[in-house]
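Rule-based calculations on the coordinates, nothing more; no lab input. The shown structure was predicted, so the numbers you read here are calculated from the model rather than taken from an experiment. Cβ coordinates were reconstructed from backbone atoms using ideal geometry, including for glycine residues, and neighbour counts include every protein chain displayed.
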C-alpha cells in the first residue's frame, strides 16, 4: 500500500471564529482529556486561531452560547464527552463541533452495540459475550476460551480491562470492569499483531491514514503504557505487507461508514497470527491528542503536522443537521 500524502489545509484562522476547546470533563478519562485538550489549545493558538479552554466539569455548556463561541473542538474522552451527550447539547445550542454526530458517537462508545452492527454488516470482530456476574464471566471463558479480555462496555483507554487466562481470575476481572460500567464485555483474545488505523475526512472523502503497529512490553498495552511510559514501540509505516495493510484500511473505512461516523476516528485492529485475519476491536470517535497519541503520529507520516491536523479537524466542525 503506498503511503498517503496529505497537504496542509489552506485555511484563514479568522474564518474559524471564536473557538472553544472542550476538555477535562467528568469521565474516568479526565486526566487523558486534559492532556489532549491542552495540546490542541496550544496548537490552535499557535496557528492564530481565537481558541479558548472550556471544561464542562466547571462550567455549564449554555455558557458557550452566551459567550459567543462559533465552534467547538471536542477533546473530551469517555462518557459525557464522547458518547453523544455533549454532541446532543451542542446540536441544541446550534454550535458546530468536531467529530461524529449524536448517534454515531453514542453507538461507537458502546463496544457491544458496535460489535453487533459490525457483525450484522459482515465485518470481522472477535466473538464476545455480555455478562452481568462473575459466574457468567466464568461461563464466557468456557465458551470463548483463554485468554479472554474482560472490560467495561462503555469505557476507553483500557480502563477496567483485564486479560483472563483461567477461571480463578474471573471474579476480580468482572469486579474491575463492573466498577466502571454495569455492562461488562467478555471478548475472545486475538493472538497476533496489534494495530490501529486513523480515519480522516479529506475533501469530502473518507481516507484511511497510515497504519500503526503497536509493540508493547509483554504485549501489555495498558493505561500506564499508553500514556505515561516510553516503553511501547510504534511502527509507522507499519512494515506490514502492503496488501495486508490495504485490506485493513478498507475494512476500517467500511467500519467508519457503517456506524455513520464523520470528521475523524481511529479503529483498533488485531491481526491473528495463525492466518493473518484482521479483527476490528473498537472505534474511537474522539481519539487522543496527547504526546503519546496515535492519530497525530500517523498524520505526521502522511504529511500533516500536529498543528495542521488540529486546524483541519476544526475546519470540519459541523452539526448533524448539516449532513455527515
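Reported to the nearest whole Å, the Cα centre-to-centre distance from the range 284-324 to the range 33-61 is 14. For the range 13-99, relative contact order (Cα pairs under 8 Å, six or more residues apart, normalised by length) works out to 39 percent. Between residue 65 and residue 143, the C-beta separation translates, for a Förster distance of 51 Å, into a calculated FRET efficiency of about 0.50. Using only Cα atoms and rounding to the nearest 10 degrees, what angle (0 to 90) does helix 111-120 make with the longest principal axis of the chain? The helix 111-120 is inclined about 80 degrees to the chain.
Of the residues 22, 304, 211, the one that moves most in a GNM of the chain with alpha-carbon contacts below 10 Å is 304. Across the chain, C-alpha contacts under 8 Å between residues 6 or more apart give a mean separation that, scaled by the residue count, equals a relative contact order of 23 percent.
Between residue 179 and residue 230, the contour length at 0.36 nm per residue exceeds the Cα-Cα span by 15.5 nm.
Judged by the gyration tensor of its Cα atoms, with axes a ≥ b ≥ c, the range 13-99 is oblate; a/c meets the 1.5 cut and b/c is at least as large as a/b.
On full extension, the segment bounded by residue 300 and residue 133 gains 55.7 nm, given 0.36 nm per residue less the C-alpha separation. On the basis of the beta-carbon distance and an R0 of 30 Å, residue 57 and residue 92 show a calculated FRET efficiency of 0.95. In a GNM of the chain with a 10 Å cut-off on Cα contacts, which of 60, 13, 198 has the highest mean-square fluctuation? Greatest mean-square fluctuation among the candidates belongs to 60.
Working from Cα pairs under 8 Å separated by at least six residues, relative contact order for the range 128-188 is 47 percent. In the chain, the longest principal axis of the Cα atoms and the axis of helix 306-315 are about 70 degrees apart. Taking 147, 217, 56 in turn, the Gaussian network model of the chain (Cα-Cα springs below 10 Å) assigns the largest fluctuation to 217. Here the extension length gained between residue 163 and residue 241 equals 25.2 nm, from 0.36 nm per residue of separation less the Cα-Cα distance.
Please report how far the C-alpha centroid of the range 131-174 lies from that of the range 67-113, rounded to the nearest whole angstrom. Cα centroid to Cα centroid, the span is 29 Å. Helical runs assigned H by DSSP (4 residues or longer) give the chain a calculated mean residue ellipticity at 222 nm of -10000 deg cm²/dmol, each run adding -39500 (n - 2.57) before division by the residue total. When you count the other C-beta atoms within 10 angstrom of each residue and take the mean per peptide, 281-294, 244-257 line up highest first as 281-294, 244-257. Relative to the first principal axis of the alpha-carbon coordinates of the chain, what is the inclination of helix 242-258, with its axis defined by its Cα atoms, in degrees from 0 to 90 and to the nearest 10? Relative to the chain, helix 242-258 is tipped by roughly 70 degrees.
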